[in-house]
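What follows is one structure encoded as C-alpha coordinates, with my remarks underneath.
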Amino acid sequence: MKVLILIRRGYREYIGGDTIQVITTAEYLRKYGISVEIVESGEALSGRRYDILHFFNLGRPYDLYPYLNSIRSPLIISSLFVDYREYDVRGRFWPMRDIMAFVGRDNAEYLKASTKMLLGQLPYSAKQYLIDGHKKAICKVLQNADCLITATGSELERIYNYCNLLPAFTDVVPLGIDPIFFTKDNPWHRRKGILSVGRLEGLKNQANLIKAADNLDAPLTLVGKPGKNSFLYNWYLLWLAGDRVTFAGYVRPEKLLDLYLEHRVHAQPSWFETTGLASLEAAAAGCRIVVTNRGDTAEVFGVYALYCDPVNLKDITENLMLALETPPAPEQRDYFYENYSWEKSTKKLIEVYRRVLDK
(Lines give C-alpha, C1' and ligand atoms only; values in the text may rest on other atoms or scores of the structure.)
Protein backbone atom coordinates (compact mmCIF):
# COMPACT_ATOMS: atom_id res chain seq x y z
CA MET A 1 0.00 0.00 0.00
CA LYS A 2 1.28 3.46 -0.91
CA VAL A 3 -0.09 6.58 0.78
CA LEU A 4 0.41 10.13 -0.41
CA ILE A 5 -0.02 12.71 2.38
CA LEU A 6 -0.94 16.21 1.27
CA ILE A 7 -0.34 19.12 3.67
CA ARG A 8 -0.05 22.89 3.58
CA ARG A 9 2.93 24.61 2.01
CA GLY A 10 5.71 25.50 4.45
CA TYR A 11 4.69 22.98 7.11
CA ARG A 12 8.32 22.34 8.08
CA GLU A 13 9.33 25.99 8.24
CA TYR A 14 6.25 27.12 10.18
CA ILE A 15 5.85 24.21 12.56
CA GLY A 16 2.48 23.57 14.14
CA GLY A 17 0.48 20.70 15.54
CA ASP A 18 -0.34 19.60 12.00
CA THR A 19 3.39 19.31 11.24
CA ILE A 20 3.97 17.00 14.20
CA GLN A 21 0.88 14.95 13.36
CA VAL A 22 1.82 14.46 9.71
CA ILE A 23 5.50 13.66 10.30
CA THR A 24 4.73 11.24 13.15
CA THR A 25 1.89 9.58 11.24
CA ALA A 26 4.21 8.99 8.29
CA GLU A 27 6.97 7.67 10.57
CA TYR A 28 4.70 5.11 12.25
CA LEU A 29 3.02 4.06 9.01
CA ARG A 30 6.45 3.22 7.61
CA LYS A 31 7.16 1.08 10.67
CA TYR A 32 4.17 -1.03 9.64
CA GLY A 33 5.39 -1.39 6.07
CA ILE A 34 3.24 1.31 4.49
CA SER A 35 4.97 3.37 1.80
CA VAL A 36 4.40 7.07 2.55
CA GLU A 37 5.30 10.24 0.69
CA ILE A 38 4.57 13.74 2.04
CA VAL A 39 3.70 16.42 -0.53
CA GLU A 40 3.15 20.12 0.08
CA SER A 41 0.18 21.88 -1.48
CA GLY A 42 1.16 23.37 -4.84
CA GLU A 43 3.40 20.46 -5.85
CA ALA A 44 2.35 18.34 -8.81
CA LEU A 45 0.75 14.96 -8.12
CA SER A 46 0.90 13.77 -11.70
CA GLY A 47 3.44 11.01 -12.17
CA ARG A 48 3.23 9.94 -8.54
CA ARG A 49 1.77 6.53 -7.85
CA TYR A 50 -0.36 6.10 -4.75
CA ASP A 51 -3.29 4.02 -3.54
CA ILE A 52 -4.66 6.63 -1.12
CA LEU A 53 -4.49 10.41 -0.96
CA HIS A 54 -4.57 11.51 2.69
CA PHE A 55 -5.22 15.24 3.09
CA PHE A 56 -4.70 17.07 6.39
CA ASN A 57 -6.62 20.17 7.55
CA LEU A 58 -10.21 20.52 6.39
CA GLY A 59 -10.18 24.18 7.44
CA ARG A 60 -7.81 24.88 4.53
CA PRO A 61 -9.80 23.50 1.56
CA TYR A 62 -7.85 25.70 -0.85
CA ASP A 63 -4.81 23.45 -0.32
CA LEU A 64 -6.73 20.52 -1.83
CA TYR A 65 -8.78 22.41 -4.41
CA PRO A 66 -6.27 22.34 -7.30
CA TYR A 67 -6.31 18.51 -7.20
CA LEU A 68 -10.01 17.74 -6.71
CA ASN A 69 -10.84 17.13 -10.36
CA SER A 70 -7.81 14.91 -10.98
CA ILE A 71 -7.92 12.58 -7.95
CA ARG A 72 -8.32 8.98 -9.10
CA SER A 73 -7.64 7.22 -5.79
CA PRO A 74 -9.62 7.19 -2.54
CA LEU A 75 -9.46 10.50 -0.66
CA ILE A 76 -9.19 10.51 3.13
CA ILE A 77 -9.42 13.73 5.14
CA SER A 78 -7.93 14.27 8.61
CA SER A 79 -9.89 17.29 9.75
CA LEU A 80 -7.87 19.32 12.35
CA PHE A 81 -10.95 21.56 12.24
CA VAL A 82 -10.29 24.76 14.21
CA ASP A 83 -12.97 27.40 14.79
CA TYR A 84 -11.28 30.83 14.65
CA ARG A 85 -14.49 32.82 15.05
CA GLU A 86 -14.21 33.87 18.70
CA TYR A 87 -10.54 34.76 18.36
CA ASP A 88 -11.24 36.78 15.22
CA VAL A 89 -13.94 38.93 16.82
CA ARG A 90 -12.60 39.16 20.39
CA GLY A 91 -8.90 38.39 20.40
CA ARG A 92 -7.49 40.29 17.42
CA PHE A 93 -6.15 43.82 17.51
CA TRP A 94 -8.44 46.66 16.44
CA PRO A 95 -9.53 47.35 13.72
CA MET A 96 -9.12 43.80 12.41
CA ARG A 97 -11.48 42.32 15.01
CA ASP A 98 -14.23 44.75 13.94
CA ILE A 99 -13.68 43.88 10.28
CA MET A 100 -13.86 40.16 11.07
CA ALA A 101 -17.02 40.64 13.13
CA PHE A 102 -18.63 42.58 10.28
CA VAL A 103 -17.87 40.10 7.48
CA GLY A 104 -18.87 36.94 9.43
CA ARG A 105 -17.14 33.62 10.00
CA ASP A 106 -17.00 32.24 6.47
CA ASN A 107 -16.13 35.53 4.82
CA ALA A 108 -13.41 36.07 7.43
CA GLU A 109 -11.76 32.77 6.40
CA TYR A 110 -12.25 33.74 2.74
CA LEU A 111 -10.58 37.10 3.41
CA LYS A 112 -7.59 35.42 5.09
CA ALA A 113 -7.15 32.97 2.21
CA SER A 114 -7.46 35.72 -0.43
CA THR A 115 -4.79 37.77 1.35
CA LYS A 116 -2.46 34.76 1.49
CA MET A 117 -2.91 34.22 -2.25
CA LEU A 118 -2.05 37.87 -2.92
CA LEU A 119 1.07 37.49 -0.78
CA GLY A 120 2.07 34.35 -2.69
CA GLN A 121 1.61 32.08 0.32
CA LEU A 122 -1.06 30.00 -1.43
CA PRO A 123 -1.00 28.64 -4.99
CA TYR A 124 -3.05 30.59 -7.53
CA SER A 125 -4.12 27.22 -8.91
CA ALA A 126 -6.63 27.27 -6.03
CA LYS A 127 -8.50 30.15 -7.69
CA GLN A 128 -11.71 28.07 -7.88
CA TYR A 129 -11.84 28.52 -4.11
CA LEU A 130 -12.25 32.27 -4.68
CA ILE A 131 -15.29 31.55 -6.85
CA ASP A 132 -16.93 29.04 -4.51
CA GLY A 133 -16.27 30.68 -1.15
CA HIS A 134 -15.10 29.10 2.09
CA LYS A 135 -18.07 27.11 3.34
CA LYS A 136 -18.99 25.77 -0.09
CA ALA A 137 -15.35 24.73 -0.58
CA ILE A 138 -15.34 22.74 2.67
CA CYS A 139 -18.61 21.07 1.73
CA LYS A 140 -17.25 20.25 -1.71
CA VAL A 141 -14.15 18.65 -0.17
CA LEU A 142 -16.35 16.53 2.11
CA GLN A 143 -18.53 15.48 -0.83
CA ASN A 144 -15.43 14.25 -2.67
CA ALA A 145 -13.98 12.44 0.36
CA ASP A 146 -14.23 8.69 0.85
CA CYS A 147 -13.57 9.01 4.57
CA LEU A 148 -13.35 11.74 7.22
CA ILE A 149 -11.12 11.19 10.26
CA THR A 150 -11.36 13.31 13.39
CA ALA A 151 -9.38 13.13 16.63
CA THR A 152 -12.48 13.31 18.85
CA GLY A 153 -16.20 12.70 18.63
CA SER A 154 -16.92 16.33 19.47
CA GLU A 155 -14.85 17.45 16.48
CA LEU A 156 -16.90 15.21 14.21
CA GLU A 157 -20.09 16.69 15.66
CA ARG A 158 -18.82 20.25 15.08
CA ILE A 159 -18.11 19.50 11.42
CA TYR A 160 -21.57 18.05 10.90
CA ASN A 161 -23.20 21.05 12.58
CA TYR A 162 -21.21 23.38 10.34
CA CYS A 163 -21.74 21.63 6.99
CA ASN A 164 -24.86 19.53 7.63
CA LEU A 165 -23.18 16.69 5.75
CA LEU A 166 -20.49 14.05 6.23
CA PRO A 167 -18.90 11.42 3.97
CA ALA A 168 -20.50 7.96 4.12
CA PHE A 169 -17.52 6.70 6.13
CA THR A 170 -16.21 8.53 9.21
CA ASP A 171 -14.02 7.43 12.09
CA VAL A 172 -12.38 8.81 15.22
CA VAL A 173 -8.63 8.21 15.47
CA PRO A 174 -7.12 9.85 18.58
CA LEU A 175 -3.68 11.40 18.39
CA GLY A 176 -0.75 9.63 19.97
CA ILE A 177 2.00 10.75 22.31
CA ASP A 178 5.65 10.20 21.40
CA PRO A 179 6.96 7.46 23.75
CA ILE A 180 9.96 9.65 24.61
CA PHE A 181 7.72 11.73 26.90
CA PHE A 182 7.08 8.72 29.14
CA THR A 183 10.75 7.78 29.54
CA LYS A 184 11.69 10.06 32.46
CA ASP A 185 10.12 11.60 35.54
CA ASN A 186 11.03 14.30 38.02
CA PRO A 187 9.60 14.64 41.54
CA TRP A 188 6.92 17.30 41.81
CA HIS A 189 8.66 19.30 44.56
CA ARG A 190 11.72 19.77 42.34
CA ARG A 191 9.77 21.37 39.54
CA LYS A 192 8.87 25.05 39.27
CA GLY A 193 7.19 27.54 36.99
CA ILE A 194 4.93 27.46 33.95
CA LEU A 195 5.65 26.19 30.45
CA SER A 196 3.65 26.75 27.28
CA VAL A 197 4.48 25.04 23.99
CA GLY A 198 2.87 26.23 20.76
CA ARG A 199 3.31 28.51 17.80
CA LEU A 200 3.48 32.17 18.88
CA GLU A 201 0.24 33.46 17.40
CA GLY A 202 -2.89 35.19 18.63
CA LEU A 203 -5.02 32.04 18.64
CA LYS A 204 -2.74 30.50 21.30
CA ASN A 205 -3.38 33.48 23.61
CA GLN A 206 0.14 33.73 25.04
CA ALA A 207 -0.57 37.41 25.79
CA ASN A 208 -3.10 36.61 28.50
CA LEU A 209 -0.86 33.81 29.76
CA ILE A 210 2.00 36.29 30.24
CA LYS A 211 -0.32 38.64 32.13
CA ALA A 212 -1.61 35.83 34.35
CA ALA A 213 1.90 34.55 35.14
CA ASP A 214 2.93 38.11 35.99
CA ASN A 215 0.00 38.34 38.43
CA LEU A 216 1.44 35.27 40.19
CA ASP A 217 5.04 36.43 39.92
CA ALA A 218 5.73 32.98 38.42
CA PRO A 219 8.46 32.20 35.87
CA LEU A 220 7.10 31.42 32.41
CA THR A 221 8.80 29.74 29.45
CA LEU A 222 7.30 30.01 25.95
CA VAL A 223 8.41 27.42 23.40
CA GLY A 224 7.62 27.90 19.71
CA LYS A 225 8.36 30.00 16.67
CA PRO A 226 6.24 33.00 15.60
CA GLY A 227 3.50 32.31 13.08
CA LYS A 228 4.08 33.36 9.48
CA ASN A 229 1.87 36.44 9.72
CA SER A 230 2.23 37.14 13.45
CA PHE A 231 4.91 39.84 13.47
CA LEU A 232 2.78 42.40 15.31
CA TYR A 233 1.59 39.85 17.85
CA ASN A 234 5.14 38.64 18.47
CA TRP A 235 6.28 42.21 19.06
CA TYR A 236 3.39 42.63 21.52
CA LEU A 237 4.46 39.52 23.44
CA LEU A 238 8.02 40.83 23.70
CA TRP A 239 6.66 44.15 24.96
CA LEU A 240 4.50 42.41 27.58
CA ALA A 241 7.21 40.04 28.77
CA GLY A 242 9.31 40.90 31.75
CA ASP A 243 12.43 39.35 33.20
CA ARG A 244 10.50 36.24 34.30
CA VAL A 245 9.46 35.27 30.73
CA THR A 246 11.81 33.16 28.61
CA PHE A 247 11.36 32.75 24.84
CA ALA A 248 12.96 29.42 23.93
CA GLY A 249 12.06 29.29 20.22
CA TYR A 250 11.75 25.90 18.53
CA VAL A 251 12.96 23.01 20.70
CA ARG A 252 13.60 19.42 19.61
CA PRO A 253 11.64 16.63 21.39
CA GLU A 254 14.51 15.41 23.59
CA LYS A 255 15.17 18.93 24.90
CA LEU A 256 11.44 19.57 25.13
CA LEU A 257 11.13 16.58 27.46
CA ASP A 258 13.70 18.19 29.77
CA LEU A 259 11.64 21.39 29.80
CA TYR A 260 8.45 19.51 30.65
CA LEU A 261 10.27 17.78 33.51
CA GLU A 262 11.57 21.09 34.86
CA HIS A 263 8.13 22.75 35.02
CA ARG A 264 5.17 22.11 37.27
CA VAL A 265 2.52 23.41 34.90
CA HIS A 266 1.88 23.33 31.18
CA ALA A 267 -0.65 25.94 30.10
CA GLN A 268 -2.56 26.42 26.83
CA PRO A 269 -5.28 29.05 27.42
CA SER A 270 -5.95 29.16 23.66
CA TRP A 271 -9.00 30.68 22.05
CA PHE A 272 -9.61 27.24 20.57
CA GLU A 273 -7.98 23.80 20.66
CA THR A 274 -8.94 20.58 18.94
CA THR A 275 -6.76 18.15 20.90
CA GLY A 276 -3.79 20.12 22.18
CA LEU A 277 -0.86 17.89 21.26
CA ALA A 278 1.63 19.78 23.44
CA SER A 279 -0.66 19.42 26.45
CA LEU A 280 -0.81 15.66 25.81
CA GLU A 281 3.00 15.50 25.79
CA ALA A 282 3.17 17.56 28.97
CA ALA A 283 0.63 15.31 30.70
CA ALA A 284 2.75 12.30 29.74
CA ALA A 285 5.78 13.98 31.30
CA GLY A 286 3.94 14.58 34.56
CA CYS A 287 3.01 18.26 34.29
CA ARG A 288 -0.16 19.68 35.80
CA ILE A 289 -2.30 20.69 32.82
CA VAL A 290 -4.16 23.98 32.40
CA VAL A 291 -6.00 24.13 29.10
CA THR A 292 -8.70 26.18 27.41
CA ASN A 293 -12.34 25.29 27.91
CA ARG A 294 -12.98 25.98 24.21
CA GLY A 295 -13.04 23.28 21.54
CA ASP A 296 -12.57 19.56 22.14
CA THR A 297 -10.23 19.57 25.15
CA ALA A 298 -12.70 18.18 27.71
CA GLU A 299 -13.10 14.95 25.72
CA VAL A 300 -9.33 14.51 25.61
CA PHE A 301 -8.21 15.48 29.12
CA GLY A 302 -11.27 14.73 31.25
CA VAL A 303 -10.46 15.05 34.96
CA TYR A 304 -6.72 15.36 34.31
CA ALA A 305 -6.78 19.07 33.47
CA LEU A 306 -7.93 22.40 34.84
CA TYR A 307 -10.03 24.34 32.32
CA CYS A 308 -9.81 28.11 31.91
CA ASP A 309 -11.77 30.75 30.04
CA PRO A 310 -9.33 32.37 27.56
CA VAL A 311 -11.19 35.69 27.81
CA ASN A 312 -11.10 35.86 31.61
CA LEU A 313 -7.67 36.83 32.95
CA LYS A 314 -8.79 36.20 36.53
CA ASP A 315 -9.90 32.68 35.64
CA ILE A 316 -6.58 31.91 33.92
CA THR A 317 -4.67 33.27 36.92
CA GLU A 318 -6.68 31.27 39.47
CA ASN A 319 -6.30 28.03 37.52
CA LEU A 320 -2.56 28.57 37.16
CA MET A 321 -2.27 29.23 40.89
CA LEU A 322 -4.16 26.04 41.72
CA ALA A 323 -2.06 24.05 39.25
CA LEU A 324 1.18 25.36 40.74
CA GLU A 325 0.06 24.25 44.21
CA THR A 326 -1.46 20.82 43.49
CA PRO A 327 0.38 17.90 41.84
CA PRO A 328 -1.27 15.86 39.07
CA ALA A 329 -3.25 12.72 39.89
CA PRO A 330 -0.96 9.72 40.56
CA GLU A 331 -2.52 7.75 37.70
CA GLN A 332 -2.28 10.58 35.13
CA ARG A 333 0.70 9.24 33.20
CA ASP A 334 -0.71 5.70 33.12
CA TYR A 335 -4.01 7.01 31.76
CA PHE A 336 -2.41 8.83 28.84
CA TYR A 337 0.03 5.99 28.16
CA GLU A 338 -2.87 3.55 27.81
CA ASN A 339 -5.18 5.80 25.79
CA TYR A 340 -2.97 7.95 23.56
CA SER A 341 -0.48 5.68 21.83
CA TRP A 342 0.83 6.30 18.31
CA GLU A 343 1.03 2.52 17.93
CA LYS A 344 -2.72 2.13 18.58
CA SER A 345 -3.60 5.16 16.47
CA THR A 346 -1.52 3.90 13.54
CA LYS A 347 -3.07 0.44 13.68
CA LYS A 348 -6.54 2.00 13.61
CA LEU A 349 -5.53 4.29 10.73
CA ILE A 350 -4.31 1.31 8.70
CA GLU A 351 -7.67 -0.40 9.36
CA VAL A 352 -9.36 2.71 7.95
CA TYR A 353 -7.13 2.62 4.85
CA ARG A 354 -7.94 -1.05 4.23
CA ARG A 355 -11.64 -0.54 4.74
CA VAL A 356 -11.65 2.32 2.23
CA LEU A 357 -9.68 0.31 -0.33
CA ASP A 358 -11.92 -2.74 0.10
CA LYS A 359 -15.23 -0.99 -0.30
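The values are calculated or read from the model by the stated rules, or taken from the named source; none is laboratory data. All of these numbers come straight from a predicted model, not from anything done at the bench. Reconstructed Cβ throughout: ideal geometry from the backbone, glycine too, with neighbour counts over all protein chains shown. Heavy atoms of the whole protein, side chains included, go into the accessibility calculation; ligands, DNA and RNA do not. Shrake-Rupley method; radii C 1.70, N 1.55, O 1.52, S 1.80 Å.
For the stretch 152-233, what is the Kirkwood estimate of the hydrodynamic radius, computed as the reciprocal of the mean inverse distance between distinct Cα atoms, to one decimal in Å?
Its Kirkwood hydrodynamic radius stands at 16.8 Å.
About its Cα centre, how strong a charge dipole does the chain have in debye, to the nearest 20, once Lys and Arg get +1 and Asp and Glu get -1 at the Cβ?
For this selection, approximately 880 debye.
For the stretch 18-51, run through the trypsin sites (Lys or Arg not before Pro) and keep only the ones in DSSP coil with at most 13 other Cβ atoms within 10 Å of their Cβ.
Arg48, Arg49
Per 10 Å bin from zero, what fraction in whole % of the C-alpha pairs of the chain is there, up to the bin with the longest pair?
With a bin width of 10 Å, the distribution comes to 5, 24, 34, 25, 11, 1.
Using the charge dipole of the stretch 103-246 (Lys, Arg: +1 at Cβ; Asp, Glu: -1 at Cβ; taken about the Cα centre), state which of Tyr162, Leu232, Gly104 has its Cα farthest towards the positive end.
Value: Leu232.
Mind checking the stretch 40-113 for GluC sites (Glu not before Pro) that DSSP puts in a loop (not H, G, I, E or B) and that have at most 15 other Cβ atoms within 10 Å? Walk me through the intermediate numbers first.
Values: sites: Glu40, Glu43, Glu86, Glu109; in loops: Glu43.
Here the sparse-neighbourhood loop sites are Glu43.
Filter the trypsin sites (Lys or Arg not before Pro) in the stretch 144-218 to those in DSSP coil with at most 15 other Cβ atoms within 10 Å of their Cβ, and list the result.
Listed in order of number, the matching sites are Lys184, Lys192.
Given Gly133, Thr221, Gly42, which one lies farthest toward the positive end of the charge dipole of the chain, if we put +1 on the Cβ of every Lys and Arg and -1 on the Cβ of every Asp and Glu?
It is Gly42, whose Cα lies furthest towards the positive end.
How big is the dipole moment of the stretch 218-328 about its Cα centre under a simple scheme where the beta carbon of each Lys and Arg is +1, that of each Asp and Glu is -1, and everything else is neutral? Debye, nearest 20, please.
Value, rounded to 20: 320 debye.
Out of the total accessible area of the stretch 18-111 (probe 1.4 Å, heavy atoms of protein only), what percent is carbon and sulfur?
49 percent
Taking a virtual spin label 7 Å from the Cα of Lys211 along the C-beta vector, which residues in the stretch 73-109 bring their backbone nitrogen under 12 Å of it?
91-92
Among Lys204/Lys347; Lys116/Lys211; Lys127/Lys228, which pairs are too far apart, with a Cα-Cα distance over 29 Å?
Lys204/Lys347; Lys116/Lys211, as the Cα separations exceed 29 Å there.
Enter the accessible area of Ile131 (Å², nearest 10), with the probe set to 1.4 Å and all protein chains included.
130 Å²
Return the sequence-ordered ³J(HN,Hα) values of the stretch 211-222 in whole Hz as given by the Karplus equation 6.51 cos²θ - 1.76 cosθ + 1.60 applied to θ = phi - 60°, using x for Gly and Pro.
Using θ = phi - 60°, the values come out as 5, 5, 5, 5, 4, 8, 6, 10, x, 10, 10, 10 Hz.
Between Arg12 and Arg355, what is the label-point separation in nm under the 7 Å Cα-to-beta-carbon projection?
3.3 nm
Using the Cα centre as the reference, give the magnitude of the dipole from point charges on the C-beta atoms of the stretch 1-92 (Lys, Arg: +1; Asp, Glu: -1; all else neutral), rounded to the nearest 20 debye.
Here the size comes out at about 140 debye.
What are the ³J(HN,Hα) values, in whole Hz, obtained from phi via the Karplus relation 6.51 cos²θ - 1.76 cosθ + 1.60 with θ = phi - 60°, for each residue of the stretch 57-65 in sequence order, with x given for Gly and Pro?
My calculation for the stretch 57-65 gives 5, 4, x, 10, x, 5, 6, 9, 3 Hz in order.
Return the FRET efficiency for the residue pair Leu166, Val39: r is the Cβ-Cβ distance, R0 is 25 Å, and the value is rounded to the nearest 0.05.
Once the sixth-power term is evaluated, E becomes 0.45.
So, for the chain, what is the accessible surface per residue at a probe of 1.4 Å, expressed in square angstrom?
Each residue of the chain exposes 45 Å² on average to a 1.4 Å probe.
So for the stretch 202-359, Kirkwood radius off the Cα pairs, Stokes-Einstein at 10 °C and 1.306 mPa s: how many µm² s⁻¹?
It diffuses with D of about 95 µm²/s by this estimate.
Pull up all non-local amide H partners of Val197: gap of 5 or more, or a different chain, and H-to-H distance under 5 Å with H placed in the peptide plane.
Close amide H contacts, sequence-distant or interchain: Val223, Ala267.
Projected onto the charge dipole of the chain (+1 at Lys/Arg Cβ, -1 at Asp/Glu Cβ, origin at the Cα centre), which of Gly59, Phe301, Thr150 gives the Cα projection farthest towards the positive end?
Gly59
Which values of log₁₀ I(q)/I(0), to two decimal places, follow from the Debye formula for the stretch 55-161 at q = 0.11, 0.19 Å⁻¹ with a uniform point scatterer at every Cα?
At q = 0.11, 0.19 Å⁻¹ the computed log10 ratios are -0.37, -1.03.
In the stretch 214-330, what percent of the accessible surface is made up of carbon and sulfur (1.4 Å probe, ligands and nucleic acids excluded)?
55 percent
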